[in-house]
Amino acid sequence: MGKLGNLGARLHHGEIGYDFVKNRKLWYGISILITITAIVGLAVRGLHMGIEFQGGAVFTTPKNMSASVSQAETFAEEASGHDAIVQKLGDGSLRIQISGTDTEASDQIKAELSKDLDVPAEKINADLVGPSWGDQVANKAWQGLGIFMVLVVIYLAIAFEWRMALAAFVALVHDITITVGIYALVGFEVTPGTVIGLLTILGYSLYDTVVVFDSLKEQTKDITKQTRWTYAEIANRSINSTLVRSVNTTVVALLPVGGLLFIGGGVLGAGMLNDISLSLFVGLAAGAYSSIFIATPLVADLKEAEPQMKALKKRVLAKRAQAAASGEPAEDDFDDERYAEDEADEADDAAAAVVGPRNQPASRTRGRGRPSGKRR
């Protein structure tokens with residue numbers, strides 16, 4: 001943990017770092033490939049909508065059933081002609097969910113299940129879910145998502161600027177597309193829990209992006225008054241300074257969600273956890289990825305298209321070329337340790353001057369012959 005903390009400190013102070021912005025075309029290509037795969041999966045396989053969205057019947061058997069989940073699933077599919085989802089509850093009863101059935105078909109299925117499971121029909125509870133209710137839930141979900149997106153763009157445009165709002169919007173669409181596409185590819189059922197999980201990860205993804213944007217906004221104040229860094233380089237420093245924090249929060253968030261998905265839903269067979277845990281797991285990972293590899297590099301691209309940023313980049317590169325031609329180190333080569341040493345020297349000088357006449361006055365030549373370290 002000490003090494004990780006030291007790494008985070010060095011990243012934050014710019015002593016080390018990885019050039020995420022320079023390799024942005026690679027990240028864009030990876031994201032485009034993943035997004036196309038998700039869209040193809042969605043178009044070919046489609047989403048497996050739950051009973052809440054397309055209507056159907058739910059049958060609950062008495063407690064302590066001897067039939068296994070696989071047997072009950074086979075009986076239900078033979079009786080209904082549709083795919084069935086069977087879950088064994090804690091009291092030993094079976095919950096059989098069949099989509100696309102009406103009242104008349106429900107009575108017939110109930111009678112068939114009574115024979116196959118050797119249970120009196122009156123002891124099997126049947127509940128019907130109408131498709132109109134599912135349509136209402138779906139419409140409300142889309143409305144909520146649309147309102148969320150609009151408010152996000154407005155807020156970011158006011159708090160930061162429209163380029164950051166646009167980049168965050170692209171990152172959110174990126175996360176939604178990947179999550180929905182994976183649902184189509186793996187065939188997990190889409191339920192209201194899935195919608196809740198999707199909206200949850202959008203908020204998390206936005207939070208991660210805003211943290212980087214806030215650092216970028218702070219570091220780019222009066223950026224045109226200096227000739228040390230370009231906008232893209234400062235954007236890269238912002239990513240690196242928040243990188244360890246982003247990784248830590250993402251890992252901590254993924255651990256319990258992964259437990260729900262792989263242990264609860266996979267090992268223990270609690271399939272009802274899959275609908276929300278998959279959306280959370282995929283969305284959290286995609287959100288962390290997009291905030292680092294998509295949103296901030298996209299902001300850098302948009303900003304460096306401005307005339308002021310183009311002029312700044314020319315001045316920075318020209319100054320570095322001039323320094324290289326004269327054999328002097330460019331300002332960009334000065335490290336933070338040298339700045340710290342200079343600041344410490346200045347503090348010592350000030351302290352010595354305050355002590356009084358009994359002590360030697362501070363040397364006026366201290367620090368001469370080397371760069372002052374002041375950033376311009």
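In the stretch 22-145, carbon and sulfur make up what percent of the accessible area (probe 1.4 Å)?
Using a 1.4 Å probe with all protein chains present, the stretch 22-145 comes out at 54 percent carbon and sulfur.
Give me the mean projected area, in nm² to one decimal, of the convex hull enclosing the Cα positions of the stretch 142-204. It would help to have the intermediate numbers written out before the result.
Numbers: hull surface 17.0 nm².
The orientation-averaged projected area of the Cα hull of the stretch 142-204 comes to 4.3 nm².
Using the Karplus curve 6.51 cos²θ - 1.76 cosθ + 1.60 with θ = phi - 60°, work out ³J(HN,Hα) for each residue of the stretch 51-62 in order, rounded to whole Hz, and write x for Gly and Pro.
5, 5, 9, 10, x, x, 10, 10, 10, 10, 8, x
Work the Kirkwood hydrodynamic radius out for the stretch 124-273: mean of 1/r over every pair of different alpha-carbon atoms, inverted, in Å.
Details: mean 1/r = 0.0544 Å⁻¹.
One decimal place: 18.4 Å for the Kirkwood radius.
So what are the three principal axis dimensions of the stretch 73-133 from its Cα atoms, in whole Å, longest to shortest?
32, 23, 21
Based on the Cα coordinates of the stretch 179-226, what is the per residue volume of their convex hull in Å³?
Numbers: hull volume 3.9 nm³, N = 48.
Each residue corresponds to 82 Å³ of Cα convex hull volume.
Averaged per residue, what accessible surface does the stretch 272-329 expose to a 1.4 Å probe, in Å²? Spell out each step's value before the answer.
Details: 2590 Å² over 58 residues.
I get 45 Å² per residue for the stretch 272-329.
Relative to 2.2 N^0.38 Å, what does the C-alpha radius of gyration of the stretch 81-201 come to as a ratio? Two decimals please. Don't jump to the answer; show the numbers that get you there.
Values: Rg = 21.0 Å, N = 121, 2.2 N^0.38 = 13.6 Å.
This ratio for the stretch 81-201 stands at 1.54.
What list of ³J(HN,Hα) values in whole Hz, one per residue of the stretch 166-172 in order, does the Karplus curve 6.51 cos²θ - 1.76 cosθ + 1.60 (θ = phi - 60°) give from phi, with Gly and Pro shown as x?
Each residue's phi maps through the Karplus curve to give 5, 5, 5, 5, 4, 5, 5 Hz.
For an R0 of 35 angstrom, estimate the FRET efficiency from the Cβ-Cβ distance between ASP222 and VAL173 and round to the nearest 0.05. Before the final figure, lay out the partial values.
Values: r = 33 Å, r/R0 = 0.93.
Efficiency, from the Cβ-Cβ distance: 0.60.
What's log10 of I(q)/I(0) for the stretch 102-162 at q = 0.12, 0.20, 0.21, 0.30 Å⁻¹, Debye sum over Cα points only, no solvent?
-0.55, -0.81, -0.84, -1.12
Counting only residues 5 or more places away or on other chains, whose amide H sits under 5 Å from the amide H of THR101 once H atoms are built in the peptide plane?
Residues meeting the criterion, in which the H sits 1.01 Å from N, are GLY56, ALA57.
Tell me which lysines have Cα within less than 18 Å of LYS63's Cα, excluding those fewer than 8 residues away on the same chain?
Qualifying lysines at Cα under 18 Å: LYS88, LYS110, LYS115, LYS123.
At 0.890 mPa s and 25 °C, plugging the Kirkwood radius over alpha-carbon pairs of the stretch 214-255 into Stokes-Einstein gives what diffusion coefficient in µm²/s?
Working: Rh = 11.5 Å.
Stokes-Einstein gives a translational diffusion coefficient of 213 µm²/s.
Highest mean first, what order results for 18-30, 104-116, 48-60, 158-170 on Cβ atoms within 10 Å?
On the way: 18-30: 14.8, 104-116: 16.4, 48-60: 21.0, 158-170: 18.5.
So the peptides 18-30, 104-116, 48-60, 158-170, ranked by packing, come out 48-60, 158-170, 104-116, 18-30.
The values are calculated or read from the model by the stated rules, or taken from the named source; none is laboratory data. Not measured: the values here are computed from a predicted model. Cβ atoms come from the backbone with ideal geometry, glycine included; neighbour counts cover every protein chain shown. Just the protein is used for accessible areas: all its heavy atoms, side chains included, with ligands, DNA and RNA removed. Shrake-Rupley method; radii C 1.70, N 1.55, O 1.52, S 1.80 Å.
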